[in-house]
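The values are calculated or read from the model by the stated rules, or taken from the named source; none is laboratory data. Quick caveat, the model's predicted, so the values are computed rather than measured. Every residue, glycine as well, gets a Cβ built from its backbone with ideal geometry; the counts of neighbours run over all protein chains shown. Side chains are part of the model used for accessible areas, which takes the heavy atoms of the whole protein and leaves out ligands, DNA and RNA. Shrake-Rupley method; radii C 1.70, N 1.55, O 1.52, S 1.80 Å.
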Amino acid sequence: KKKLAGFTLIEVMVVVGIVAILATIAYPSYTDQIQKSRRSTGKAALQDVAARMEQYYLDNKRYTLGADGTDLTKIGLAATYNSPDGGWYSISAVTNATTYVLTATPRLAQVGDTKCATLTFNNKHEKKSTPAGNSCW
């Protein structure tokens, strides 16, 4: 008899099974790393807005941004400001004369980041996130 070269169906199925097992292990780690890197753009955007808030305070002796305390155009940003590098976070501010709280809310694919759903930063330089207790900063 002549021996045929090639792979049997069983050999191909074993390889497919191994690849599937590796993919189910690797994919969650991959998505966690992607979300973590996107989170850094949200933190950087918060730091940028905080620096602008401090400059506004130096110039005007107050943090208040407009009648409702949320007008980011007063510090040179768009009314609806999204983080640079993909807009993975929407940045909002709530201010009064002496305090501010900045919040980065996830957008687009970053909404799936359940470890650090929102990031906040205030005039006391307190860094928080929800859900609380995670090391998002």
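Could you please tell me which pairs satisfy a Cβ distance under 9 Å, a separation of 6+ or placement on different chains, a first residue in the range 92-116 that is more than 18 Å from T41 (Cβ to Cβ), and a second residue that is surrounded by fewer than 17 Cβ atoms within 10 Å (Cβ to Cβ) and of a type in the set (A, V, I, L, M)?
So the pair list comes out as Y100/V94; V101/V94.
Select from the range 92-124 the residues that are open to solvent by 20 Å² or more (accessible area, probe 1.4 Å) and charged (D, E, K, R) and write down the one among them that is nearest to P28 (Cα to Cα).
Checked the range 92-124; the qualifying residue nearest to P28 (Cα to Cα) is K115.
Scan the range 104-120 and give yes if some residue there is out of contact with any helix residue (DSSP H, G or I) (no Cβ under 7 Å at 6 or more places or on another chain), on the phi < 0 side of the Ramachandran plot and acidic (D, E), otherwise no.
Within the range 104-120 (the criterion being out of contact with any helix residue (DSSP H, G or I) (no Cβ under 7 Å at 6 or more places or on another chain), on the phi < 0 side of the Ramachandran plot and acidic (D, E)), the answer is no, since none of the residues qualifies.
I'd like the residue in the range 67-83 that is assigned to a loop (DSSP other than H, G, I, E, B) and surrounded by 13 or more Cβ atoms within 10 Å (Cβ to Cβ) and, out of all such residues, is modelled with the lowest pLDDT.
Only one residue fits best here, namely G69.
Given the residues I18, I10, which is the only one that is in a helix (DSSP H, G or I), of a type outside the set (S, T, N, Q), at pLDDT 90 or above and loosely packed, with under 10 Cβ neighbours inside 10 Å?
I10
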